[in-house]
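The values are calculated or read from the model by the stated rules, or taken from the named source; none is laboratory data. No experiment lies behind these values; they were computed from the predicted model shown. Because the Cβ atoms are built from the backbone with ideal geometry, glycine has one as well, and the counts that use them run over all protein chains shown.
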Amino acid sequence: MYENLVEKYRAKSYSELIGQDKAIAEVQQFLKEFPKKKALILHGPAGTGKTSLAWAAAIENNSEVLELNASDLRNRAKLEQIVRPASIQKSLFKQSKIILMDEADGITGTDIGGIPELERIIEITRFPIIMTCNDVWQSKLAPLRSKSKLVEMKSLDTIKITEILRRIAEKENINRDINFFTKIAIKSQGDLRAAINDLQSYANEENLFVDTSEKRDVEENIFIILRKLFKERNDFLDLFDSTKMSLDEIFLWIEENIPNEYKNEALVKAYYALGKADVFRGRVYQNQSWRFLVYQNIFQSAGISYAKPSPTYGFTKYEAPKRVLKIWLHNQKTAKKKTIAKKYAKFVHCSVKRIMRDFDLLKPIMNNPEVQKQLNFSEDEIEFLKSQN
Amino acid sequence: MVHSEIWTEKYRPSKFEDLVGQQEIVRRTKSLVQALNIPHLLFAGPAGTGKSTLALIIVKELFGDSWKENYLELNASDERGIDVIRQKVKDFARTKAIKDVPFKVIFLDEADALTREAQQALRRTMENFTNTCRFILSCNYSSRILEPIQSRCVIFRFKLLEKKDISEIVRRVAKAEGLTISSDAYDAIYEASEGDCRRAINLLQATASVSLDINAEMINMIAASGKPIGIRVVLDYALAGDFINARNKLLDVMLKESISGNDVIKAIQKEIWNLPIEPDIKVKLTEKTGEVEFRMIEGSDEFVQLQSLLASFVLAGQGKVV
């Protein structure tokens, strides 16, 4: 009978989870402190054990699990109907209950209202909610992010994966030398599930050549990319191929984090490279010369990496780009200011820009009721002017 | 005079005789208008020196009561693309003037903000419609107007108003509004206005909204509250090695004061020479600044380029040549 080794050897307790001690400790703490935080998001690349950790936590705490994953419809009605009651009612058979929302990033457009409903359930739930996802920094997950404890699961290194493969092989009577396991481990790029699947599929082939250059298309998360770029010294010409994020989006992440990582000469060099990347980006857009994308890419990768004299170590907390959001928020706020300035500018034969610049000085004049009447300011605009004082 | 409670409008002169300052320009334009025929005009000079006012007086003298139908005013700094020239300007220029003057007038304020392409388009339009339409262009620097356009215009150069001019204007307004103004307040207004008449009157009205009895202290207080955060704060953070704060302040300045990257770079270029650093480093920084300004014109991201410039100031703060 065919039996899937991934399921067969899925960890059933904390002790069986290899290389995730830090994440385990954080999950334990979360469950102990519940309901201080009501939800937890396990995030990290594929095959690092997110789902396994959630299940192991349930087993260790003698809890029932209510699991919904991407194969289930997760729109508002469905969540209301299934998850909401479950989040309030006691478990019938076990002491407690864990609600597992697997692959939370798989809540898509067709799951209309799914995320907002999940938010509301987090508010009222009496049981811990655990969610898993690959990229926790997607904008659609922002509302959940702010209500949840975030726990990152790191990719396993080759040595650990090799060791796990060797142990499974032993139990399954697969007799191969250590090189075989190492090759599979390298190919897996830290994805244990992929490694075990490969072990199973190649186990019975007599003469196997594992091509280590044939890699699964892994979606590297931006933090891993930034860590490599900022810590290591390397050409990194293909670094950005491993993410679906666009070059321009990555650009913003790099821009935001340069000063968190580099100081002094390295800071200047990194910004020099970024500035050049920007120049070429401009040329791409202005002349539609896509050829220049090559230069943008090199300055944005190798240019940033080689800005430092030697590799660095230690942990740096990377932040999501704030500039675009800041500009957007500001524009929301100044939209009214602008409509006021437009009316005023037209009347006084002056540019809107200049009025915007002198706005503070002109406020007392614009607050004159006669002036407001003459310029036809709306109620909203008058309110805005008042609130500015 | 326009009936309004906005003093810059209420007291905007509507006759040649009421204008203060720029006497030579007034005399010459007046004689052009009397002949009922004006060439294209280019008014160059700083803000608040009477360019728009003179343009308005000219059309009012030419067209009398029907001036509004024969006059189009556009501000190029708000609509700077080629589309404005192709549509608004052309549409207005191609129709005949009403009344006995054979042409209409288009006043293009801050024409130096027009893009190069827009200026090229303007040049052709000026030629093609010269029978039905005259242009009055205003700009801060005539050097930023294409040579062929300049050569089609009679150029008038406006100067900053002198202290006696500003004081005269303030005196007139104060008298009409029933304000008492101390003699040191005249000095304060002139200082804060920097020869810009619009700013002087706005300052006076803003202060008068607090008190009808005006002294220098009040003027200075109001002037300071309306004064934008300078770029110097940003540079000081960078020189002190606090790059992150420098960058945050820079974004604040640009957003809150609505200052474009282009204005920021000009302010930095001037401020470099007031910084407490060695002259050779100042030269190096100036070179970088010029490069950044060029890149902005070329279409680079203003904020990214300014950040890269700020990074150089961090090193300059440590006395290192960049």
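Brief remarks follow.
- Residue tally, condition of a type in the set (S, T, Y) and assigned to a loop (DSSP other than H, G, I, E, B), over the stretch B:115-141: 4
- Among residues of the stretch B:299-322 being more than 15 Å from B:S260 (Cβ to Cβ) and small (G, A, S), the one that is surrounded by the most Cβ atoms within 10 Å (Cβ to Cβ) is B:A311.
- Of the numbered criteria (1) part of a helix (DSSP H, G or I); (2) within 28 Å of A:K353 (Cα to Cα), the one B:S258 fails is (1).
- A:I327 falls short on exactly one of the conditions (1) within 16 Å of B:E79 (Cβ to Cβ); (2) at the interface with another protein chain (Cβ under 8 Å from one of its Cβ atoms), and that condition is (1).
- One residue from B:N220, B:N248, B:N202 being more than 11 Å from chain A (Cβ to nearest Cβ) and outside any loop (DSSP other than H, G, I, E, B): B:N220
- Taking the stretch A:91-194 as the region of interest, the helices (runs of 4 or more DSSP H) fully inside it that hold 1 or more residues being more than 25 Å from the chain's Cα centre (by Cα) and over 26 Å from A:K22 (Cβ atoms) are A:114-124, A:158-172, A:178-188.
- Test: residue in the stretch B:15-25 that is under 18 Å from A:S351 (Cα atoms), in contact (Cβ under 8 Å) with a residue 60 or more places away in the chain and not in a helix (DSSP H, G or I): no
- Qualifying residue in the stretch B:130-152 (condition: charged (D, E, K, R), under 30 Å from A:M366 (Cβ atoms) and in contact with a helix residue (DSSP H, G or I) (Cβ under 6 Å, 6 or more places away or on another chain)): no
To keep it simple, each residue is scored yes or no on (1) within 14 Å of another protein chain (Cβ to nearest Cβ); (2) touching a residue at least 12 places away in the same chain (Cβ under 8 Å).
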{"site": "B:S66", "(1), (2)": "no, yes"}
{"site": "B:D91", "(1), (2)": "no, no"}
{"site": "B:R94", "(1), (2)": "no, yes"}
{"site": "B:R116", "(1), (2)": "yes, yes"}
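- Those residues of the stretch B:235-245 which are facing chain A (nearest Cβ under 9 Å) and either assigned to a helix (DSSP H, G or I) or among the basic types (K, R) (or both), in sequence order: B:F243, B:I244
- Any hit, the stretch B:38-55, residues being under 28 Å from B:T207 (Cβ atoms), assigned by TED's automatic domain parsing to the domain that holds B:S138, outside any loop (DSSP other than H, G, I, E, B) and in contact with a His (Cβ under 7 Å, 6 or more places away or on another chain): yes
- A:S96 in contact (Cβ under 8 Å) with a residue 40 or more places away in the chain, of a type in the set (S, T, N, Q) and either surrounded by fewer than 16 Cβ atoms within 10 Å (Cβ to Cβ) or closer than 24 Å to A:R120 by Cβ (or both): no
- Restricted to the stretch A:352-385, and to residues there that are in a loop (DSSP other than H, G, I, E, B) and at pLDDT 90 or above, the residue that is nearest to B:K256 (Cα to Cα) is A:N367.
- Count - residues of the stretch A:271-297 that are more than 8 Å from chain B (Cβ to nearest Cβ) and touching a residue at least 24 places away in the same chain (Cβ under 8 Å): 6
- Helices (runs of 4 or more DSSP H) within the stretch A:259-320 that include 1 or more residues among the β-branched types (V, I, T) and under 24 Å from the mean Cα position of the chain (by Cα): A:302-305
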